[in-house]
1. Taking R0 as 22 Å, what's the FRET efficiency between Ser26 and Cys59 from their Cβ-Cβ distance, rounded to 0.05?
2. Give me log10 I(q)/I(0) at q = 0.18, 0.24, 0.28, 0.29 Å⁻¹ for segment 286-331, Debye formula, one equal scatterer per alpha-carbon, no solvent.
3. Once fully extended, how much extra length lies between Arg276 and Ala344, figured as 0.36 nm per residue of separation less the alpha-carbon to alpha-carbon distance?
4. Given a cut-off of under 8 Å on Cα pairs at least six residues apart, what relative contact order in percent is computed for segment 185-241?
5. When Ser16, Ser8 are ordered from fewest to most other Cβ atoms inside 10 Å of their Cβ, what list results?
6. At 25 °C and 0.890 mPa s, what whole-number value in µm²/s does Stokes-Einstein give for the translational diffusion of segment 172-269, with Rh from the Kirkwood sum over Cα pairs?
7. Hey, quick one: spin label on Glu50, modelled 7 Å out along Cα-Cβ, who in segment 267-297 has an amide N within reach, i.e. under 14 Å?
8. Using DSSP H assignments, which helices in the chain have an axial alpha-carbon span of 15 Å or above and a mean Kyte-Doolittle hydropathy of 0.0 or higher?
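Rule-based calculations on the coordinates, nothing more; no lab input. In this text the structure is predicted, and so the values were computed from the model without any measurement. Note that each Cβ is placed from the backbone with ideal geometry, even for glycine, and that neighbours are counted across all protein chains shown.
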Amino acid sequence: MSEVFDPSLPISVAKSPPADWYRSESQDHLERRRVLADNWQAVAHLDQLEQPGDYVSGCVGGEPWVVLRDESGTLRAFANVCRHNGTQVAEGAGHAETLVCPYHGWTYDLQGQLKRAPRIAGIKGFDRDMYSLHPIGLQVFGPLVLVNGSGDATALDLDSLTSDFEATGWQDLVRVERRSYELFCNWKVFIDNYLDGGYHVPFLHRDLAAELDLSGYETECFDSYAVQRVASSSEAGERLSGEALYAWVYPNLMINRYGSMMDINVVTPMGPEKCRVDFDWYMEPDVDPALIHDRLTASEQVQDEDIAICESLQVGLGSQHYRPGPYAPRVEHAKYLFHRLVAADLLRSPDQ
């Protein structure tokens, strides 16, 4: 008999989601629409959109998007869908004065207005103002640009979290590197691992654990995000000095601020049992390139350890002997919050 996840239970008696949540094609398809496309997604960094005409494009949960800075310097986000036949009007990232559909040449200005539509003579009552690109939700969060496929999405309340990061000086950091990793595990496995309140750290990340005071590890949950904090130990080097701040924003954004560094992670499903994690590292200005290399090497060790355990867990989820287990109530409440938010989105009717 198939197990059913019950998000209404107190964490002390709740059980984790069934294996189908992590292995089912139908579950994966539903999550891409209800959990990813219908929620706020971090899609770009402000340093990619510094000048008028700069743009970045991509696709989340089957919804193509383009973010750009128009001639007046205003950031805008549109559905990356030509109003003629639906072809994407932008690809990748770059600089443009207009957005031109590569299929039939329909051309849009940087406010999304249709400016040119070749060979439309004979269409009765054609009104080009009715064929502008569809705007979608846009929100700036620190160095990040978030979009939401709905044109009337309510902005996330991230003021308190922004203040926490501003207190660490994140506004003065510069992006120095991006790396992407493909993992053979469900995207939620990676986030589950992140949100276990440091439960796995002393067992999986022994070198990292030696530099942290795990006895003071704290996790605080909010409506749409969670914050984990831990102070460095007396053994910590410069890379982890002070307090580390780990923030997760539903559904798939993680920001880690520690020492003079910050890394931002976005996890994207590539099927029910495969995902991609994009890492962007920020550091204080004018850091010695050799020091950057050393710090990225240490950071990547933690990532390699997480990849290995997430892929091992995915194999276990495929076993006939797997059954949902309990949560550790004192540390895994952020993980339970994540599962409850996913469950709520999956139960939401398609027209909500």
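1. Efficiency computed from Cβ-Cβ geometry: 0.60.
2. -0.73, -0.90, -0.97, -0.98
3. Using 0.36 nm per residue and subtracting the Cα-Cα distance, I get 22.1 nm.
4. Across segment 185-241, relative contact order equals 28 percent.
5. Ser8, Ser16
6. In µm²/s, the coefficient rounds to 170.
7. The answer is 285-286.
8. 289-317, 333-347
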